[in-house]
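Take a look at the structure set out below.
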Amino acid sequence: MNFEIEFEQEEDGRWIAEILEIPGVLAYGVTPLQAGERAKALALRVLAERM
């Protein structure tokens, strides 16, 4: 499975990474990389629970 990660920067400088195909998968980080890695980890946990 391949999912697209969308990134957005908050006014306070934090980054948000969101995987739209999996509701609720949203993570913050200091950098886009950190936010993306956190979102990937959360997505794996969500998908594992669905099995």
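The values are calculated or read from the model by the stated rules, or taken from the named source; none is laboratory data. As the structure is a computational prediction, the values presented were derived from the model and not from experiment. Quick reminder, even Gly has a Cβ in these numbers, built from the backbone with ideal geometry, and neighbours come from all protein chains shown. Just so you know, the surface numbers come from the protein's heavy atoms only, side chains and all, with ligands and any DNA or RNA stripped out. Shrake-Rupley method; radii C 1.70, N 1.55, O 1.52, S 1.80 Å.
Express the relative contact order of the chain as a whole percentage, based on alpha carbon pairs under 8 Å and six or more residues apart in sequence.
This gives 27 percent for the chain.
Looking at the chain, identify the longest residue range that excludes and avoids all GluC sites (Glu not before Pro) in DSSP loops having at most 16 other Cβ atoms within 10 Å.
Here the longest segment lacking exposed loop sites spans 22-51.
By how many degrees, between 0 and 90 and to the nearest 10, does the Cα long axis of helix 32-50 differ from the longest principal axis of the chain?
Compared with the principal axis, the helix lies near 20 degrees.
Could you state how much accessible area Leu47 has, in square angstrom rounded to the nearest 10, with a 1.4 Å probe and all protein chains kept in place?
40
Per DSSP helix of 4 or more residues, -39500 (n - 2.57); summed, then divided by the residues of the chain. What does that give at 222 nm, rounded to the nearest 500?
Roughly -12500 deg cm²/dmol at 222 nm, from the helical runs in the chain.
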